[in-house]
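FYI, it's all coordinate maths here, none of it is from the lab. Note that the structure is predicted; figures quoted are calculated from it, not measured. Note: ideal-geometry Cβ built from the backbone for every residue, glycine included; neighbour counts use all protein chains shown.
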Amino acid sequence: MNYNSTRNSAIKVRSAEAIIKGLSDEGGLFVPESIPKFSASDMKYIGKMNYAERAQLVLKKFLTDFTDDELKSAAQAAYSDNFAVENATQLSQLYPDCYVLELFHGPTCAFKDMALQLLPHLMTISAKKTELAAGKQIAILTATSGDTGKAALEGFKDIENTSVTVFYPEDGVSEMQKRQMTTQEGANVRVCAVRGNFDDCQTGVKEIFTDVELIAQLSAKNMIFSSANSINWGRLVPQIIYYVSAYADLLEAGEIEQGESVNICVPTGNFGNILAAYYAREMGLPIGRLICASNANNVLTDCINTGVYDRNRELILTASPSMDILISSNFERLLYHLSDRDDSVINALFTDLKEKGKYTLPSGIKEKLSELFYGGWCDEAETERTIKKVFDEFGYLTDPHTAVAYKIYDDYKNATGDTSKTIITATASPYKFCAAVHKALGGTPETDEFATARKLEELTKTEMPAPLSRTESLPVRFTDSVEKSEMKRAVSDVASSL
Ligand SMILES: *Cc1c(COP(=O)(O)O)cnc(C)c1O
């Protein structure tokens, strides 16, 4: 299987190269040249497999340049014992026909772990297979608005021949997220606060990636830059696994019948998680409607409903910060598929986005989009009310991102009357966002995050996950804070100290 670029269908690379490069040279995203299908026997056996085996089965269909042994060792290393529940994920039923797929039982308590526990292994194997990276150290650089940075640090910590540097906006992440990052363990990790916002961090990292001097400095030390960003195919493909796995579990438990179609509802930011569900559907998994839930940053809702993608609006900071995004990068992959792989359409749309901040979908694509996807959004007050409502009605505690998804699923049912069974993905532990969750339940603010967490534990009779509670007593290792103009120097200093 080869991978094409969304902006140049003539480009063909192996998956190892797509994973090492992250982005194609002309700025497009790598997509598989065809989408492999599940066979009847796959679906028959998958229910009996553990999560690592399920992962191997899905990965093998896409990463055809990897050997069985390589895939097996990567899947085992990622999923055998780094998660707090037996099969890496957990499915809870809220009420008949409505299931929550908990993706936050990994080492950082956010769904990013599902991909970032595996990516480092895919990357080190890929490095051995590509001319570009063979024998080299991979220096991962990441800008984060909170969850990705910590998950990348945990994923890459102490992985041979890699190092990871994370930049986060000093005042732009929750107290818990900051604590998680500054106490990070591992010999090959570094965390640095930036006196600026997330965009400043991201722009700084992009500049470092293309800085000729720095690249040469790294090259002299036999190192190359790479990214753990969510546009990397190596982050997307692991996300397909949990949809297949959840379907298999429902089937095994007798909750659904063979071939029965289920809807998937996803709290969406960069469009990676929901796109993975689209790929699972294209592989033949019986998925009905894909329900795309947004917070007040409702660019995608508008696009699904009107066919116009318009980023010309203020970014609104919400209690679900991982969805505070105006450009959902992975949406480009979906449009490429819906255009029947027409790179000229994609180039035209994304030139418009760059020049005018918006584009209008051709009518054929718009129709397919709104047939497959339902888009909805809710504001901050509705998010809060939903956290309370779901807790009061079902005794189930949701984080703000998952609450947004629940609300939009309710709206979807009211709007369409569709009562098919539905899986809502739960993307973070409520304890990552204790202040917002505690407030939604009527609690009054405490002075620090851990005091709030203890109040939340008392109030809800739930427990803060161990990976979060243990950060309270861990020593802070990283206190650096730089101006955005100093990010390059910070990376250069690390490179020269190696
Ligand atoms: C990253 C993230 C999202 C958004 O996922 P995308 O794949 O970017 O759409 C939603 N919720 C949480 C908690 C996240 O960390």
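Summary table
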read-out: Relative contact order, percent, the stretch 280-392 [alpha-carbon distance under 8 Å, six or more residues apart]; value: 40
read-out: For the chain, size of Cβ-based charge dipole, Lys and Arg +1, Asp and Glu -1, in debye; value: 720
read-out: Dipole magnitude (debye, nearest 20) for the stretch 130-192, charges at Cβ of Lys, Arg, Asp, Glu; value: 60
read-out: For Pro286, net neighbour charge (Lys/Arg +1, Asp/Glu -1) across residues whose Cβ lies under 11 Å away; value: 0
read-out: Extended-chain gain in nm, criterion 0.36 nm per residue less alpha-carbon gap, Asn82 and Glu131; value: 14.5 nm
read-out: Cβ-based charge dipole, the stretch 249-305, positive-most Cα from Ser261, Leu251, Tyr279; value: Tyr279
read-out: Cross-link pairs Lys60/Lys112; Lys388/Lys455; Lys178/Lys388; Lys12/Lys129 - those with Cα-Cα distance over 18 Å; value: Lys60/Lys112; Lys178/Lys388
read-out: Relative contact order %, the chain, counting alpha carbon pairs below 8 Å whose residues are six or more apart; value: 18
read-out: Charge dipole (the stretch 218-369, unit charges on Cβ, about Cα centre) - positive-most of Ser294, Leu338, Leu218; value: Leu218
read-out: Euclidean distance of C-alpha centroids, the stretch 302-357 and the stretch 70-101, integer Å; value: 30
read-out: Unsatisfied cross-links (Cα-Cα over 18 Å) in the set Lys37/Lys61; Lys407/Lys432; Lys37/Lys368; value: Lys407/Lys432; Lys37/Lys368
read-out: Cβ charges +1 (Lys, Arg) and -1 (Asp, Glu), total dipole of the stretch 82-136, debye; value: 420
read-out: Over the stretch 139-239, relative contact order from alpha-carbon pairs under 8 Å, at least 6 apart, %; value: 32
read-out: Cα centroid separation - the stretch 436-466 against the stretch 378-435, whole Å; value: 18
read-out: Helical mean residue ellipticity (222 nm; -39500 (n - 2.57) per DSSP H run of 4+; nearest 500) of the chain; value: -14000 deg cm²/dmol
